[in-house]
Amino acid sequence: GGVPLYLSNPRTRAALAELLPKKQETEIRFADLGCGLGGPVLDLARRRPDGHFTGIESAPLPFALAWLRLRFAGLANVKLLFGDYRSHGLGEYDVVYAFLSPVPMPDLFDQAKQEMKSGSLLISNTFDVPGHPADETVEVADRRQTSLYLWRL
């Protein structure tokens, strides 16, 4: 899909965990679009056994490695899907996380606005959406000086 393999570091994954809704009546549903090796979904699934975590990856090698990592992790609350996130609906997720590139962000934002339910959260690592300022920006204290852009839908 022309998106480089960007990996979310441990500090970013910890920041994501803090951004997840606290325990709620229904189980949280989280998706990582372009999940790469599966770091965020595996980490969050360990931290939040009360949730369901889905990773979507379109590159065969990263997907295969994420699948292997999941098999060895033995986590029942993680699902990996192979393919382009655009072919998967976003309506079932409370939180959608993406660490993609600037190119797909406007289309992803439009898809999220159309499909995600009111009160859900779109998080982009590093890349904002031109013309749509984030509702909140979280600065992660890491070497990359990561910014997480949050839109509450």
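The values are calculated or read from the model by the stated rules, or taken from the named source; none is laboratory data. Everything numeric here is computed off the predicted structure, so don't read it as measured data. Cβ: placed from backbone, ideal geometry, glycine included. Neighbour counts: every protein chain shown. With ligands, DNA and RNA removed, areas are computed over all heavy atoms of the protein, side chains included. Shrake-Rupley method; radii C 1.70, N 1.55, O 1.52, S 1.80 Å.
General remarks:
- Pairs with Cβ under 7 Å, 6+ apart, first in segment 3-27 and more than 17 Å from Pro40 (Cα to Cα), second hydroxyl-bearing (Ser, Thr, Tyr): Val3/Ser101
- Residues that are in a strand (DSSP E or B) and either surrounded by 15 or more Cβ atoms within 10 Å (Cβ to Cβ) or among the aliphatic types (A, V, I, L, M) (or both), drawn from segment 133-153: Val138, Ser147, Leu148, Tyr149, Leu150, Trp151
- Scanning segment 20-33 for residues that are open to solvent by 10 Å² or more (accessible area, probe 1.4 Å) and at pLDDT below 95 returns Pro21, Lys22, Lys23, Gln24, Glu25, Thr26, Glu27.
- Considering residues of segment 88-129 that are acidic (Asp, Glu) and outside any helix (DSSP H, G or I) only, the residue least open to solvent (accessible area, probe 1.4 Å): Asp94
- Residues of segment 1-58 that are in contact with a strand residue (DSSP E or B) (Cβ under 9 Å, 6 or more places away or on another chain), assigned to a loop (DSSP other than H, G, I, E, B) and within 18 Å of Asp84 (Cα to Cα): Tyr6, Gly34, Cys35, Gly36, Leu37, Gly38, Ser58.
- Arg69 falls short of the stated requirement of being at pLDDT below 95, in contact with a Leu (Cβ under 9 Å, 6 or more places away or on another chain), surrounded by 14 or more Cβ atoms within 10 Å (Cβ to Cβ) and in a helix (DSSP H, G or I).
- For segment 48-65, the criterion of a residue being among the polar types (S, T, N, Q), within 17 Å of Leu150 (Cα to Cα) and within 14 Å of the chain's Cα centre (by Cα) is satisfied by no position.
- Number of residues in segment 30-50 that are of a type in the set (A, V, I, L, M) and touching a Gly at 6+ places or on another chain (Cβ under 6 Å): the value is 1.
- Test result for Leu80, touching a strand residue (DSSP E or B) at 6+ places or on another chain (Cβ under 6 Å), open to solvent by 10 Å² or more (accessible area, probe 1.4 Å) and either farther than 17 Å from Glu18 by Cα or among the aromatic types (Phe, Trp, Tyr) (or both): yes
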